[in-house]
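Below you'll find the structure, written out as structure tokens, and then a few comments.
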Amino acid sequence: MADYHPLYRSFFDHYHKGEYWEAHEVLEELWQGQRDNDFYHGLIQIAAIMHQLQRGKIRGARKLAFSARRYLVPYAPKNEGVNVELVLEWLEQTLERLPEHREIMAKGEVEKLNIPVCPLPVFT
């Protein structure tokens, strides 16, 4: 396996523990030194989408899904151990399931949308 930056690995560790805000923050720290890295920017937004969904922030999740898609498309089909194609499919399904004209939803309502966790790799 490739030798990835510790902050990059930490992003996935937090992500798979459901610590989406922490994942976002860790990768943002790495991204700050590489602001032109749209791949990292897109992954940061994936974590932010998951965080927004936990909080019922539908409008924010939709907005982030559109921009994450834009950032990640150039990196398909795979990049730095991530199946970008699979992530893009998840983004499309998520956008199809999120209501367009709702800003906020209760946790139970969000759960009924059946949006799975975005499939990102596990690095051990």
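What follows is calculated from the coordinates using simple rules that are stated; it is not laboratory data. Just so it is clear, the structure is predicted and the values come from calculations on it, not from any experiment. Every residue, glycine among them, receives a Cβ derived from its backbone with ideal geometry; neighbour counts consider all protein chains shown.
Tabulated results
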{"quantity": "Low-density loop cleavage sites - GluC sites (Glu not before Pro) in the stretch 72-124, where at most 13 other Cβ are within 10 Å (DSSP)", "calculated": "Glu100, Glu103"}
{"quantity": "Degrees separating the helix 84-97 axis from the principal Cα axis of the chain, which is the longest one", "calculated": "10"}
{"quantity": "Summed residue charge, Cβ within 15 Å of His16's Cβ, Lys/Arg positive, Asp/Glu negative", "calculated": "-1"}
{"quantity": "Cα-centred dipole magnitude for the chain, charges only on beta-carbon of K, R (+1) and D, E (-1), debye, nearest 20", "calculated": "440"}
{"quantity": "Chain lengthening between His16 and Lys112 when straightened (0.36 nm per residue, less Cα-Cα)", "calculated": "32.4 nm"}
{"quantity": "Derived scalar couplings ³J(HN,Hα) [the stretch 57-62; Karplus, 6.51 cos²θ - 1.76 cosθ + 1.60; whole Hz; x for Gly, Pro]", "calculated": "8, 5, 4, x, 5, 4"}
{"quantity": "Folded to 0 to 90 degrees: helix 38-55 orientation relative to the chain principal axis, Cα", "calculated": "40"}
{"quantity": "Where only alpha carbons of the chain are counted, the Rg and the Dmax (Å)", "calculated": "13.9, 43"}
{"quantity": "Inter-label distance for Asp36 and Gln93, nm, one decimal - labels placed 7 Å from Cα along Cα-to-Cβ", "calculated": "3.5"}
{"quantity": "Value at 222 nm in deg cm²/dmol, rounded to 500, when DSSP H runs of n ≥ 4 in the chain each add -39,500 (n - 2.57)", "calculated": "-19500 deg cm²/dmol"}
